[in-house]
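What follows is one structure encoded as structure tokens, with my remarks underneath.
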Amino acid sequence: MAGDRVPSPAATSIHPSAVVHAEARLGRGVVVGPYAVIEAGVIIGDDTIIGPHSVVKSGVTLGQSNRLSVGVVLGEEPQHRRFAGERSFVRIGSENTFREYVTVNRGYGEGEITEIGDDNYLMSYVHIGHNCRITTGVTITSGAKLAGHVLVHEQANLGGQVGVHQFVRVGRLVMVGGGSVLRQDVPPFVLAFGVPAHAYGLNSVGLTRAGIPPVHRTMLKRAFMLLYRSRLGVSTALGRMDAELGSDPYVREMIEFIRGGQERGIIRWTKERDEE
């Protein structure tokens, strides 16, 4: 039947029950599902799918080939008592997946932005608070909640029901176990778990899957030992890491991440299990 045909890749398909403001800009191949709402000023890139009952509010820009599942809400007002209606934004890159009922709030403050990069996978009921920045290749599992101003670096993986305190930073290729609470920064390449979360070791599986060569993984293990197992203070451990291992680019990344923190400090070591 003609009504069952799949739209051509170049066509824009809007379900009759959807509400799309005349001042929204939709690219080629965009599909808007039943009862979706797209407000004025929204920009949606080519080949993006807006699922049933999803809402894209004013101030949101979406790149190409994003997928919104059922009931996703992008660009709602920041959940902040002092929000006074100032104009703020959500900026989203390309090839991201937002599963059922994900919510992403606008930035808090005039002109402020909540930013999501490319190729991120946000599972059902994830919440991204105001002024957060999610970079590239991040996976956030069902039910995880990020408070305001959280920064998540490339290829990090947050488990189900993880809670992240405001202003916390999560380093590249970090793995955070399900149900954890992050109150402090997690340095790159670290495995974290607990309430509050503690460092358990390196994310060895993630490093291997990311193709980090063995020589660098060995250097990172030495750095981890200095930082967490040597009983040195953080400043002293960083000095040793810099002097002894600082020529390694991955160790250098860890050092610079820790030194760049201003708000929360870094998570501590746990004795519950040893690093492999």
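Some notes on this structure:
- Looking only at region 154-165, residues that are in contact with a Lys or Arg (Cβ under 9 Å, 6 or more places away or on another chain) and in a loop (DSSP other than H, G, I, E, B) come to 6 in all.
- Qualifying residue in region 240-256 (condition: in a helix (DSSP H, G or I), touching a strand residue (DSSP E or B) at 6+ places or on another chain (Cβ under 6 Å), within 25 Å of F167 (Cα to Cα) and not hydroxyl-bearing (S, T, Y)): no
- Matching option when the condition is in a loop (DSSP other than H, G, I, E, B), open to solvent by 40 Å² or more (accessible area, probe 1.4 Å), without any contact (Cβ under 8 Å) to a residue 12 or more places away in the chain and basic (K, R), among R87, R81: R81
- Any hit, region 194-207, residues being among the small types (G, A, S), farther than 29 Å from P249 by Cα and open to solvent by less than 10 Å² (accessible area, probe 1.4 Å): no
- The set of residues in region 211-225 being open to solvent by 40 Å² or more (accessible area, probe 1.4 Å) and either in a loop (DSSP other than H, G, I, E, B) or of a type in the set (S, T, Y) (or both) consists of G211, P213, T218.
- Within region 125-154, residues that are of a type in the set (K, R) sit with their Cβ atoms under 7 Å from residues that are open to solvent by 30 Å² or more (accessible area, probe 1.4 Å), at 6+ positions apart or across chains, in these pairs: R133/E115; R133/L151; K145/H127.
- Qualifying residue in region 101-117 (condition: of a type in the set (K, R), buried (at least 20 other Cβ atoms within 10 Å of the Cβ) and in a loop (DSSP other than H, G, I, E, B)): yes
- In region 140-153, the qualifying residues are those that are open to solvent by less than 10 Å² (accessible area, probe 1.4 Å) and not in a loop (DSSP other than H, G, I, E, B), and the one that is nearest to F98 (Cα to Cα) is I140.
- Taken over region 235-254, residues that are of a type in the set (D, E), within 21 Å of S204 (Cα to Cα) and open to solvent by 50 Å² or more (accessible area, probe 1.4 Å) amount to 1.
- For C132, the conditions (1) closer than 22 Å to L220 by Cα; (2) touching a strand residue (DSSP E or B) at 6+ places or on another chain (Cβ under 8 Å) all hold with the exception of (1).
- Scanning region 1-33 for residues that are in a loop (DSSP other than H, G, I, E, B), modelled with pLDDT of 95 or more and open to solvent by less than 40 Å² (accessible area, probe 1.4 Å) returns S17, A18, A24, G27, G29, V30, G33.
Per-residue answers, yes or no, for (1) closer than 27 Å to T139 by Cα; (2) not polar (S, T, N, Q):
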site	(1), (2)
T12	no, no
V31	yes, yes
I44	yes, yes
S88	yes, no
I116	yes, yes
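- Being over 18 Å from V37 (Cα atoms) and at pLDDT 95 or above is a condition met by no residue of region 51-58.
- Residues located in region 154-191, provided they are within 16 Å of the chain's Cα centre (by Cα), open to solvent by less than 50 Å² (accessible area, probe 1.4 Å) and among the aliphatic types (A, V, I, L, M): A156, L158, V162, V164, V168, V170, L173, V174, V176, V181, L182, V186
The values are calculated or read from the model by the stated rules, or taken from the named source; none is laboratory data. If you're wondering where the values come from, they're calculated on a predicted model, not measured in any experiment. Reconstructed Cβ throughout: ideal geometry from the backbone, glycine too, with neighbour counts over all protein chains shown. The protein model used for the area step is the full one, side chains on, heavy atoms only, and it has no ligands, DNA or RNA in it. Shrake-Rupley method; radii C 1.70, N 1.55, O 1.52, S 1.80 Å.
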